[in-house]
Amino acid sequence: MQKDVYTKKITSEEEQKRFVLVLKDRLSFFPLEGKPFKLIHNGMPKKARVESYPCSCRGPDEPHSHYFLKTPGLKAGDRVIIQRDAKGTTRYVLQVKHHPRRS
């Protein structure tokens with residue numbers, strides 16, 4: 001897996017909640033939680049930040065957090081590709097490859 005790229009297939013939960021989950025082992029790819037950065041999609045920069053919510057999906061004895069980026073407009077089956085922009089460490093470029101049956 002490339003360190004300078006984050007890629008993920010969108011689930012129905014992500015489509016409904018209008019976000020992209022950031023897997024815990026890839027958190028370090030992004031700026032620290034809560035720190036704003038630019039996410040450029042279709043040439044348009046938008047402010048983004050990694051956020052989290054507490055979760056008990058593993059049961060009450062294993063509380064933890066899930067991390068995400070708010071990203072409306074994605075559909076289940078889409079593949080997102082986020083790359084660090086070479087021009088700056090707080091700029092990232094978002095590409096969306098739409099699922100062929102959903103476009």
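What follows draws every value from the coordinates through simple rules; no lab data is involved. From a predicted model like this one, the values you see are computed outputs, not experimental measurements. Reconstructed Cβ throughout: ideal geometry from the backbone, glycine too, with neighbour counts over all protein chains shown.
Neighbour counts of other Cβ atoms within 10 Å put TYR53, TYR92 in the fewest-to-most order TYR53, TYR92.
The mean sequence distance of close C-alpha pairs (under 8 Å, at least 6 residues apart), as a share of the length of the chain, puts its relative contact order at 34 percent.
For the chain, lysine pairs separated by 8 or more sequence positions, or belonging to different chains, with Cα-Cα distances below 13 Å total 15. Given N residues in the chain, what is its alpha carbon radius of gyration divided by 2.2 N^0.38 Å? After normalising by residue count via 2.2 N^0.38 Å, the value is 1.09.
Overall, the chain carries a charge dipole of about 520 debye about its Cα centre when +1 sits on the Cβ of Lys and Arg and -1 on the Cβ of Asp and Glu, all other atoms neutral.
Of all DSSP beta bridges confined to the chain, the antiparallel ones make up roughly 85%.
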